[in-house]
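The values are calculated or read from the model by the stated rules, or taken from the named source; none is laboratory data. Predicted model, so just to flag it, every value in this text is computed and none were measured. Here the Cβ positions follow ideal geometry from the backbone for every residue, glycine too, while neighbour counts run over all protein chains shown.
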Amino acid sequence: MHPNPTFRKSGRAQNLHFARTRGFGTLSVAVAGEVVSAHVPFVVDDAGAVVGLHLARSNPILRHPGRAVLMVTGADGYISPDWYGAPEQVPTWNYIAVHLRGELSVLDPSELRPHLRQLSARFERGLDKPEWTLDKMSEVSILRMERMIVPVRLIIDDVQGTWKLSQNKGEAQRLRAADAVQSGHGQELHALADAMRNPPENQGE
């Protein structure tokens with residue numbers, strides 16, 4: 001997380017909402033002196049206390065559960081100094097990121113199917129088609145799939161967010177950069193521009 005408190009004014013509720021809405025992140029743990037990561041879809045419970053996810057059975061993270069961080073990233077983009085319309089500026093990169101830290105544990109296999117139903121329902125919801133469910137698969141196919149993945153759970157004990165959106169500049173400079181960033185380099189630049197126009201206020205944790 002960025003150490004500048006100017007970029008860390010989002011509160012726990014906003015950070016959890018962001019992570020819950022994204023639903024995809026990078027899970028990292030230390031395994032035998034090395035950092036091991038997995039890119040995973042996930043669901044966060046309504047209380048913002050538990051993350052449900054699953055891993056491939058061959059993933060080494062399953063053999064070393066414990067302290068873990070789930071990193072969820074959003075819009076990001078390069079900021080040219082010229083866009084501020086002010087002298088003595090330097091290039092930077094704006095971004096949104098939330099880290100969920102906690103204790104990772106491997107669940108009983110009986111927890112897998114309810115998790116898969118919850119996960120698919122979360123992402124099927126709102127699509128312009130009838131909802132896909134596990135009931136559309138044969139039991140044989142479901143069992144074959146379930147042999148390849150393992151349910152895990154992250155109990156959240158720390159939520160940190162960085163919303164680096166040029167809040168350290170004057171409002172006029174920030175808004176000029178927001179208008180220009182949409183033609184630059186990065187991901188989801190329209191969303192980044194919108195966030196730069198309306199950065200988080202000081203919400204605390």
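One residue stands out among those in the range 22-44 that are part of a loop (DSSP other than H, G, I, E, B) and more than 21 Å from Trp163 (Cα to Cα): the one that is modelled with the highest pLDDT, which is Phe42.
The combined condition, being at pLDDT below 95, exposed (fewer than 15 other Cβ atoms within 10 Å of the Cβ), within 20 Å of the chain's Cα centre (by Cα) and farther than 30 Å from Gln182 by Cβ, is fulfilled by Gly66. For the range 15-27, filtered to residues that are of a type outside the set (Phe, Trp, Tyr) and surrounded by fewer than 17 Cβ atoms within 10 Å (Cβ to Cβ), the residue that is farthest from Met196 (Cα to Cα) is Thr26. Which residues, taken from the range 173-205, are at pLDDT below 95, in contact with a helix residue (DSSP H, G or I) (Cβ under 6 Å, 6 or more places away or on another chain) and either farther than 26 Å from Ala13 by Cα or in a helix (DSSP H, G or I) (or both)? Result: Gln182, single match. Of the residues that sit in the range 108-126 and are outside any helix (DSSP H, G or I) and within 22 Å of the chain's Cα centre (by Cα), which one is nearest to Met145 (Cα to Cα)? Going through the qualifying residues, I end up with Arg125.
Just one of the listed residues (Ala47, Ala19, Ala68) is outside any strand (DSSP E or B) and in contact (Cβ under 8 Å) with a residue 40 or more places away in the chain, and it is Ala19.
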